[in-house]
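So the structure is just underneath, and the comments pick up after that.
The values are calculated or read from the model by the stated rules, or taken from the named source; none is laboratory data. In this text, all values refer to a predicted model and were calculated from it rather than measured experimentally. Note: ideal-geometry Cβ built from the backbone for every residue, glycine included; neighbour counts use all protein chains shown. Accessible surface is based on the protein model in full, side chains and every heavy atom, while ligands, DNA and RNA are left aside. Shrake-Rupley method; radii C 1.70, N 1.55, O 1.52, S 1.80 Å.
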Amino acid sequence: MANTRKGVTQVESTTRKAFKYRLYPTKAQGRALDTTLLLCQRLYNGCLEERRGAYKKAGKSVSVYDQMKALPEVKDGVPEYKGVNAQVLQNVVRRVDRAFQGFFSRVKAGKTPGYPRFKPRDRYDSFTYPQPSQNSVSGDGKHVYLPKIGNVRIKLHRPFAGKLKTLAVKREGREWYVVLSCEVPRAEPLPETSSGVGIDVGTTWFYVTSDGEFCKNHRFFQASSKKLRVAQRALSRKPKGRSNRRRKAKERVAKLYRKTARQRLQLHHEEAKKLVSQHGLICHEDLNVKGMAQGKLGKQIHDVGWGQFFQILSSKAEEAGRRVLAVDPRFTSQRCRVCGHTEKGNRASQANFRCLSCGHSENADVNAAKNILAQGLRFVAQRTSLEDACHEKPRPLGLG
Ligand SMILES: [Zn+2]
């Protein structure tokens, strides 16, 4: 969030950062966590039902405060709720409210959003303490205190920092995690740099830059992706039905999937940080990832998750006062960056570019990355006088 003073945009001095850790509850604590989640899910659906009814009968609306005031009644009616922290229950009511706020603002914007939906058990996977104690994590970092649940063993694989704002408990498969959302000072903007870079993403390389740098898909990531594929194949061989072996195979796939997702996220953060620290302008292809994901390349694109990468890149760039441009990717791989000649045949092979007009030859991905940068720079040059340039999308260069 930013506020303006004297026409100058001032960035707020703090930002939120989330730290996620694995929990190791005892059997009794595990049961308490399960029960809490189940009761929260039922409360969520109950509150949603009440508001849906009121909305349909028009004229009568139920506010978040009405529903919060009714919580003691809920506890009287269903005594199990007395075993759940009061603020956790209030947070459930707020979640329902947020779903409705989102719905109404989309209606206001002229869209036709789906009505807030009931959440089935397997989709309701977290509950939140909105005002946790600053001493929630024990001094030795071995336990986290969850009101009404107890001191649960935690694995603090890295330290967290800042002021603890919210504490969420999350179930992933059969594992439990805690997410600490902390307020931390915003990093100082990085020193200015006029360096610009174009990046061409692909499946052979994670990305290739206009400077000729080749970034690998990390090996640890490839290894776990391979394990995931093996596990998926094993699962597909198990007969359909409710057998124990099938359930175990399914759990293994889910676990490996989460592992690769975690590693991918880490890779994306690292690479984005590197690019943002080195360049003032970063241009990448506007992949319209969703559209492409439906095509033949879909599976691979989903695996590599460029949508997520570009999102992380943009937010890190914004924090550091850098600029990221998504340029139209058409013809960037077929155009000669030296003479501009554009033809499919320029692409001698997957890896090599050889211009049929001027003879320029170069690594095909580097040629494409240079075109991407050129397109971004051309766009910037045209719009430097216009403040709103960053809200516009660059258009593709014409053929030839
Ligand atoms: Zn050429």
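The condition of being more than 23 Å from GLN90 (Cβ to Cβ), of a type in the set (Val, Ile, Thr) and at pLDDT 90 or above holds for THR26. The set of residues in region 138-183 being assigned to a strand (DSSP E or B), touching a Phe, Trp or Tyr at 6+ places or on another chain (Cβ under 9 Å) and of a type in the set (A, V, I, L, M, F, W, C) consists of VAL144, LEU146, VAL152, ILE154, LEU167, ALA168, VAL169, TRP176, VAL178, VAL179, LEU180, CYS182.
Go through region 329-370 and give me each residue that's of a type in the set (Ser, Thr, Tyr) and either buried (at least 20 other Cβ atoms within 10 Å of the Cβ) or within 14 Å of the ligand (Cβ to nearest atom) (or both). Selection gives THR332, SER333, THR342, SER357, SER361. Might you check whether a residue that is touching a Cys at 6+ places or on another chain (Cβ under 7 Å) and open to solvent by less than 90 Å² (accessible area, probe 1.4 Å) occurs anywhere in region 256-276? Yes, region 256-276 contains a residue that is touching a Cys at 6+ places or on another chain (Cβ under 7 Å) and open to solvent by less than 90 Å² (accessible area, probe 1.4 Å). Test GLU270 against the criterion of being part of a loop (DSSP other than H, G, I, E, B) and of a type in the set (D, E, K, R), and give yes or no. So GLU270 does not fit the description; no. Within region 161-182, not a single residue is open to solvent by 60 Å² or more (accessible area, probe 1.4 Å) and more than 25 Å from VAL92 (Cα to Cα). Yes or no: region 221-232 includes at least one residue that is exposed (fewer than 15 other Cβ atoms within 10 Å of the Cβ) and either within 30 Å of ALA381 (Cα to Cα) or touching a Ser or Thr at 6+ places or on another chain (Cβ under 8 Å) (or both). Within region 221-232, none of the residues are exposed (fewer than 15 other Cβ atoms within 10 Å of the Cβ) and either within 30 Å of ALA381 (Cα to Cα) or touching a Ser or Thr at 6+ places or on another chain (Cβ under 8 Å) (or both). Here LEU373 fits the description: assigned to a helix (DSSP H, G or I), in the same structural domain as VAL208 (by TED's automatic domain parsing), surrounded by 21 or more Cβ atoms within 10 Å (Cβ to Cβ) and away from the ligand (no atom under 13 Å from the Cβ). Per the conditions (1) part of a loop (DSSP other than H, G, I, E, B); (2) closer than 30 Å to ALA161 by Cβ, the sole criterion not satisfied by ARG95 is (1). In region 78-110, the qualifying residues are those that are among the charged types (D, E, K, R) and more than 24 Å from the chain's Cα centre (by Cα), and the one that is most open to solvent (accessible area, probe 1.4 Å) is LYS108.
Reported count of residues in region 35-60, each being without any contact (Cβ under 8 Å) to a residue 12 or more places away in the chain and in contact with a strand residue (DSSP E or B) (Cβ under 8 Å, 6 or more places away or on another chain), is 0. Can you find even one residue in region 312-321 that is under 18 Å from VAL208 (Cα atoms), assigned to a loop (DSSP other than H, G, I, E, B) and modelled with pLDDT under 85? No, because not a single residue in region 312-321 is under 18 Å from VAL208 (Cα atoms), assigned to a loop (DSSP other than H, G, I, E, B) and modelled with pLDDT under 85.
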